[in-house]
Amino acid sequence: MKNSSNEELRAAIAYNRGRHYPADIWIAVQRRLGLDADGEPGPATIEAVATFQARNGLPADGKVGPGTLGALGVGLPEFNRIHTLPGDDALFFHGKLAVDADGAPGAYHPDDTGIDSLRNAGKPGNWWALACDDAGTPYRQTQDDPCPGHYVSTTALCDPRFEARDPRRYVDAAKIPYIVLPRNLAELHPAGARVAKGDLAAVTLASQPARTVFAIYADVGPAWGPFHEPGEGSVALALALGHDPYVDGRVKRSIPSGVFYVVFPGSGQRAPLPAEEIARRGRQAFEAWGGADKLARAMKHAEVRP
């Protein structure tokens, strides 16, 4: 990557920012590379990392993931934000609510006029949030669909009765309260291995624990790292919590902190459910777990304060 292109540098910078490392991690990396340690991973740091990677048999792309950190001798703390109570399957965590529009028929448009920014759906050749044909071309909705001309946006949980190009196959973020969990959930906590798409969850605000909203696990997101602030859910979930995510008609406003999630492994049917059924089954799972009293215990265990 010596004298790397602007595109390579941008890719490395975007990747490294996405790791959410604090400054002290970057200072340790820079010191091991013999650089001035300012804690800012700019182009000079990326070039030095790429040179180190090339000399040590690693992909010389300037991206500082676990393999490169290990080779540099820089350790990361373990992610410890997911909890369970003794003798209990339910897992819980607290953090933010990044608002997800995936699955909503009006989410993405070729002219970037959907309720969410098209960059959140991916890019040509890698559309992670759009249904595509075998050539990788996104399907567009027809006159018989809810939002003609818009792309068909996907969720990981889907209804196999409908074809890939049919918006009804996916969980509509605008109508259904759902949560998003990371692809590495099973690696982060033993209870994570028992969670399946379609399981139910209770979501509340630490400042308003009596206002509990029931949701379904409907989408899979990026891996959570040691410094990741967890938590993501649908537009409908945000609205049910009393938070309006829209700015000028587009999804832009998240809840930065204070959201508490409880997930009940084995509570779902591995299939989408209508909103009223999610509310009914979610409340059943919540009450069987222990309801408001146990929620208070879980929040205390996780050291959550209003």
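For a protection proxy built on the mean count of beta-carbon atoms within 10 angstrom, sort 162-175, 229-242 highest first, please.
On the way: 162-175: 19.4, 229-242: 22.6.
So the peptides 162-175, 229-242, ranked by packing, come out 229-242, 162-175.
Per the Kirkwood formula applied to alpha carbons, the stretch 6-72 shows a radius of gyration over Rh ratio, Rg over Rh, of 0.91. Magnitude of the charge dipole for the chain, about its Cα centre and with charges confined to Cβ atoms of Lys, Arg (+1) and Asp, Glu (-1), is about 560 debye. Against the main long axis of the alpha-carbon atoms of the chain, helix 291-301 sits at an angle near 20°. Along the axis of the charge dipole computed for the chain (Cβ charges of +1 for Lys and Arg, -1 for Asp and Glu, origin at the Cα centre), the listed residues 198, 154, 272 are led at the positive end by 198. Under the convention that each Lys and Arg Cβ holds +1 and each Asp and Glu Cβ holds -1, the size of the dipole of the stretch 237-306 around its Cα centre is about 160 debye. Extension gain for residue 244-residue 143 works out to 33.4 nm (0.36 nm per residue, less the C-alpha to C-alpha distance).
Sorted from fewest to most neighbouring beta carbons within 10 Å, what does the list 17, 281 look like? Don't skip to the answer; put the middle values down first.
Details: 17 10, 281 18.
Sorted ascending by nearby Cβ count, the order is 17, 281.
For the stretch 6-72, a crude dipole built from +1 on the beta carbon of Lys and Arg and -1 on the beta carbon of Asp and Glu, taken about the Cα centre, is about 220 debye to the nearest 20.
For the chain, how big is Rg over Rh, using alpha carbon atoms and the Kirkwood form of Rh? Provide the component values of the computation, followed by the final result.
Working: Rg = 21.1 Å, Rh = 21.0 Å.
Result: Rg/Rh = 1.01.
Dipole orientation for the chain: of the candidates 127, 26, 84, 84 has the Cα lying most toward the positive pole (charges on Cβ; Lys, Arg +1; Asp, Glu -1).
Between 0 and 90 degrees, the angle of helix 43-55 with respect to the longest Cα principal axis of the chain falls at about 80 degrees. The C-alpha atoms of the chain define a longest principal axis, and helix 275-289 lies at about 80 degrees to it.
Laboratory data are not the source of any read-out in this text; all were calculated from the coordinates shown. Note that this is a predicted model, so its numbers are computed, not measured. Don't worry about glycine lacking a Cβ; one is built from the backbone with ideal geometry, like all the others, and counts go over all protein chains shown.
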